[in-house]
Amino acid sequence: MKVERVKGTRDFLPEEMAKRRWVFERIRETFERYNFHEVLTPTFEYTELFKLRSGEEVVKQLYAFLDKGGRDISLRPDMTSSVARLYVASFQTAPKPIKWYYIANMFRYEEPQSGRFREFWQAGVELIGSDKVEADAEVIALFTESYLATGLEDFTVNIGDRVLLDEFAKMLGVKDDIGLMRLIDKKDKLTKEEFVKALRDIGLSDEGVEKVLSLVEIKGEPNEVLPKAEELFTSEEAKAEIKRLYELVDLLDAYGVSKWIRIDLGIARGFDYYTSVVFEAIAPNDLGIGSIGGGGRYDNLIEVFGGRPTPATGFAIGIERLIPILERKGLIPEVKLRPDVYVIPVGEELGVRKAAIEIVSALRRAGVETDLELTGRKLRKALDYAGRLGVPHVVIVGRKDLESGNVTIRDMETGEQKVVKKEEAVGELMTLLGL
RNA sequence: GCCGGGGUGGUGUAGCCUGGUCAGCACAGGGGACUGUGGAUCCCCUAGCCCGGGUUCAAAUCCCGGCCCCGGCCCCA
C-alpha cells in the first residue's frame, strides 16, 4: 500500500511556499490599492452552477463527483461563477460598483502538462455594476499593474473585442462562427498556409479569407491598428465599439500603462460569457507558456444566474504560469528559511534545558526568529547543523557557564565567542543583529 | 480522451539492449570515534527496483495491463 499524491496535484515545500507567498502579496497589495476587497467562496459548488454558465460540455472539464448526500458537486474551475452566484443571492441592492478580489485554488479535470495542473491558483478581480469604459480601463490598468508589482516588465496586455468578432462572423456569413473564432484564436500557432487552408475548410470564400487575414493584421500599437479596424468594419454597432476601444486606450494612457497595451482583434478568450472587451497578458518565454492571465467584460452572466441584468468585468492571473516566468528572470527574492539565532542546551540537566528555553522565549517575544535545539544531539553535531543552515548566531547554554550566570554567544561566521550574563544575552543578540 | 518519452533508497544516478554476483555509486539523514565547541576524516546504521499479471529453473532487466511523472494534441472558464 503506497500513499501518493492525486494526479495533477503538487506539494509545496517551504522554499516554494515562500516564493509563492511573495508573489501573492505583491498582487494583493496592488489589488487593495485599487480598493478591491477580498472575498472567498466555497471550494465546491453544485455542478449545475457551472453548467448554467457554460453548458453541458464543461462537465468533462470539471472535477465533479457525487457527495454522500447524492448531491452533484464540482470543485470550482474558476471564481467567476461563484462570485456571480454570491452577487445574485445577496448583493443586488448593494451600492455599485462592487469591487471584489480573490486569491484561491481552482480545479480542472484535464491532462497535466507544462504550466497546467488539476489544482492551480488564480488571483483575480470582479468589478460588478458598471458598463462604462472607465470600468474596463480600471480593471485593465490594475491587471497591468499587478504584473508590474511582481517585477515583470517584459509583457504585453493584448486587447480584443467580442462585439467586433461577432460582427465579423456575421459579415462573413459563416455558420460555424465558433469554429471561426477558435481558428482565429490560434492563428499564431499555424503557418499562414495552414491558416488559409483551415479557413477554406470551414467554408470561407476567397473574399472571406482575405477579410480574416485583414482582421488578424489588426494587431499592434492601438493608434496604428485601430484605424485599420475602422476601415474593415462598416456597421453602426461596430463603429460604436471601435470608438469605445479608442476611449479605452486613451484612458489607459492616463493610467500610465500604455507602454504595455496592444490591440489584437484576433483574441477570443473562450466562447461562452464574454460580451465585449477581452484581454490577455503574454510574456515572452521559452517555457511553452502562453497567456499568463486574462479577462474581459461579461454583461450577460448575472442575468443568466437569475439576477437583474448587471454589467460586470474582471480578470484572473494564472499563478502557475506567472511564477515560472518570474523565476526564470530571477525576479523573486531569495528566501531565508534559517533562524537568526539557534540556542543549544548542553547536557541533560533540567536547569540547563529550562535556561535555554527562557532565552529562546525572550528572543522570540522580542521578534527575533529563533530556534531551539530539540533533538538532544551533541554540541559538535548541533554546531555542525547550525553551520550547514547558515545560522549567524548560536547561543550555547551549558552548566559550566550557568554556574556563574553566563551563557556563550558564538558568531558562526568568525567563530568568535563571547561570554555574557544570561539576562544580557537577548540585548546583546539584538545589537548583533542590528535590531 | 489521444500521442511520444519516462518511473531503481529521501535526492541524483549505474545496471535494462545481451535475464543469472549480497542491485553499485554519490549526496542527504541517524549514531559513533570525539561526555562543552561546527563545516574535515574514518567507521557503523537507516533506506530502493511504481503496482498487478505473464514468460522462465531464474525478471530491475523480456511481454501485457494499470497507475503516476514529463512533454505535445484536444480543450482552455
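The values are calculated or read from the model by the stated rules, or taken from the named source; none is laboratory data. None of these values were measured; they are calculated from a predicted model. For neighbour counting, all protein chains shown are included, and Cβ atoms are generated from backbone atoms with ideal geometry for every residue, glycine included. All accessible areas refer to the heavy atoms of the entire protein, side chains included, with ligands and DNA or RNA removed. Shrake-Rupley method; radii C 1.70, N 1.55, O 1.52, S 1.80 Å.
Table: residues versus (1) within 18 Å of A:ASP272 (Cβ to Cβ); (2) out of contact with any helix residue (DSSP H, G or I) (no Cβ under 9 Å at 6 or more places or on another chain).
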{"position": "A:GLN113", "(1), (2)": "no, yes"}
{"position": "A:VAL125", "(1), (2)": "no, no"}
{"position": "A:SER130", "(1), (2)": "no, no"}
{"position": "A:ALA141", "(1), (2)": "no, no"}
{"position": "A:SER146", "(1), (2)": "no, no"}
{"position": "A:GLY151", "(1), (2)": "no, no"}
{"position": "A:ASN158", "(1), (2)": "no, yes"}
{"position": "A:ILE184", "(1), (2)": "yes, no"}
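Each residue in segment A:198-240 was checked for being exposed (fewer than 14 other Cβ atoms within 10 Å of the Cβ) and either outside the structural domain of A:ALA268 (by TED's automatic domain parsing) or part of a loop (DSSP other than H, G, I, E, B) (or both), and 4 pass. Out of the residues in segment A:397-416 meeting the condition of being loosely packed, with under 10 Cβ neighbours inside 10 Å and either more than 8 Å from RNA strand B (Cβ to nearest atom) or outside the structural domain of A:LYS378 (by TED's automatic domain parsing) (or both), tell me which one is farthest from A:GLU348 (Cα to Cα). Among those that are loosely packed, with under 10 Cβ neighbours inside 10 Å and either more than 8 Å from RNA strand B (Cβ to nearest atom) or outside the structural domain of A:LYS378 (by TED's automatic domain parsing) (or both), it is A:GLU416.
A:ARG85 falls short on exactly one of the conditions (1) within 15 Å of RNA strand B (Cβ to nearest atom); (2) within 30 Å of A:PRO324 (Cα to Cα); (3) open to solvent by 30 Å² or more (accessible area, probe 1.4 Å), and that condition is (2). Within segment A:335-351, the residues that satisfy the criterion of being within 12 Å of RNA strand B (Cβ to nearest atom), surrounded by fewer than 20 Cβ atoms within 10 Å (Cβ to Cβ) and over 13 Å from A:ALA386 (Cα atoms) are A:GLY347, A:GLU348, A:GLU349, A:GLY351. Number of residues in segment A:359-390 that are in a loop (DSSP other than H, G, I, E, B) and either of a type in the set (D, E, K, R) or within 8 Å of RNA strand B (Cβ to nearest atom) (or both): the value is 7. Of all residues in segment A:5-18, those that are touching a residue at least 60 places away in the same chain (Cβ under 8 Å) have Cβ atoms under 8 Å from Cβ atoms of residues that are more than 11 Å from RNA strand B (Cβ to nearest atom), 6 or more apart or on another chain, in A:PRO14/A:LEU337; A:GLU15/A:VAL335; A:GLU15/A:LEU337; A:ALA18/A:VAL335; A:ALA18/A:LEU337.
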